[in-house]
Amino acid sequence: MLFGIVLLCATVPTYSQCACCAGAGIGSSNGDYNNGILTLPEGKTVVELYTDYRTIKDGSAPEEDEKLLTSMLINSVGARYGVTKNFTVSALVPYVSLYTKSGSDGGIGDVILLGTYTFYQKGAFNLALQGGIELPTGVQKSSAFDNTTVIVGSGSYDPMAGLLFAKRWADYTLSGNVMYKHTTPGFQQNYYGSLSVQNLTLSYRIKGGGSICDMDADAAAAVEKKVTAFGWNVYAGYSGEWLDKLKEDGVVDDNSGHYLGLANLGTNLSYKQWAFPLTVSLPVISQMNGLQNDFGVRFRVGIIRAF
């Protein structure tokens, strides 16, 4: 049995339940401060730190030689840079900690590199294409809590592509994206499952600019005015994840893969060039393949700094 973790674009991850391996992922986080921009202004840099805690419910998956996960903690650091006003590059590095009733283990995950290009902008409406690759930097080692192997990463170069949009009306912003990651054979030529994700978020600005970068990159004075103001946003949305079945030693694992739907609620406080998002995600759809435990609640907190 294999275990997979997915870190995806706009902050929505996924996992199975057995702790022998933590697989591939996608995305640099950019949805926690929803301000209607898809690419950064030219020369703007954003650094992001996130802590993501996820619970796993006790259920039907049997615990024999391989211990079942009870929770996991993902700490990640990311950076984005506006190469031009329409093109932004980004990178994300996660560190994953896995917890069972018999102990814990973890390690660094796969580094994710992305490029985002805004190809259409009219008024407060933006469309962008996104593409990138996941690098095989994740660790593979003996488990500290059973006799299996912990793999944090896929062990392969996995390409990804997606489409993003954002529309702003005064204090409201609607944004969304779809992303697909094609997973190629990795450690020992095992297949850790391709991934498709979809996200839709509606944000409401309660106070101030509420963003560390303005949608109109050319209005420098307006940007600086908003950067110095205190802001408060709230947001809600839906995230869908489809994960293909895993394959080990050429054999498909029927107790893997799923479709998961999450209801997301969050808030973001910003001051000057700092932002502090908090998101709670609740599973509303859990279509699991075979014997797998259900997904639980997720909590995500971040610190964002713009330069």
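Some observations on this one:
- Of 264, 293, 268, all but one fail to be open to solvent by less than 10 Å² (accessible area, probe 1.4 Å) and farther than 28 Å from residue 190 by Cβ; the exception is 268.
- Remark: pairs (first residue in region 75-90, open to solvent by less than 20 Å² (accessible area, probe 1.4 Å); second residue of a type in the set (Asp, Glu) and outside any strand (DSSP E or B); Cβ separation under 8 Å; 6+ apart in sequence or on different chains) = 82/42.
- Residue 129 open to solvent by 60 Å² or more (accessible area, probe 1.4 Å) and out of contact with any Phe, Trp or Tyr (no Cβ under 8 Å at 6 or more places or on another chain): no
- Residues of region 271-290 that are surrounded by fewer than 20 Cβ atoms within 10 Å (Cβ to Cβ) and in contact with an Asp or Glu (Cβ under 8 Å, 6 or more places away or on another chain): 283, 286, 289, 290.
- Test: residue in region 95-113 that is closer than 30 Å to residue 42 by Cβ and open to solvent by 50 Å² or more (accessible area, probe 1.4 Å): yes
- Picking from residues in region 158-200 that are β-branched (Val, Ile, Thr) and part of a strand (DSSP E or B), the one that is most open to solvent (accessible area, probe 1.4 Å) is 178.
- Pairing each residue of region 170-190 that is within 30 Å of residue 208 (Cα to Cα) with any residue that is of a type outside the set (Asp, Glu) and in a loop (DSSP other than H, G, I, E, B), provided the two are 6+ apart or on different chains, yields C-beta distances under 6 Å for 173/34; 173/36; 175/34; 177/9; 177/10.
- Selection within region 274-299 - touching a residue at least 40 places away in the same chain (Cβ under 8 Å), farther than 13 Å from residue 239 by Cα and not acidic (Asp, Glu): 274, 275, 277, 289, 291, 292, 293, 295, 296, 297, 299
- Positions within region 257-307 being over 29 Å from residue 244 (Cα atoms) and not in a strand (DSSP E or B), in sequence order: 272, 273, 307
- Region 140-157, residues that are part of a strand (DSSP E or B), surrounded by fewer than 18 Cβ atoms within 10 Å (Cβ to Cβ) and in contact (Cβ under 8 Å) with a residue 24 or more places away in the chain: 140, 141, 149
The values are calculated or read from the model by the stated rules, or taken from the named source; none is laboratory data. Just so it is clear, the structure is predicted and the values come from calculations on it, not from any experiment. Glycine also receives a Cβ, built like all others from the backbone with ideal geometry; neighbour counts cover every protein chain displayed. Protein only, heavy atoms only, side chains kept; ligands, DNA and RNA dropped before computing areas. Shrake-Rupley method; radii C 1.70, N 1.55, O 1.52, S 1.80 Å.
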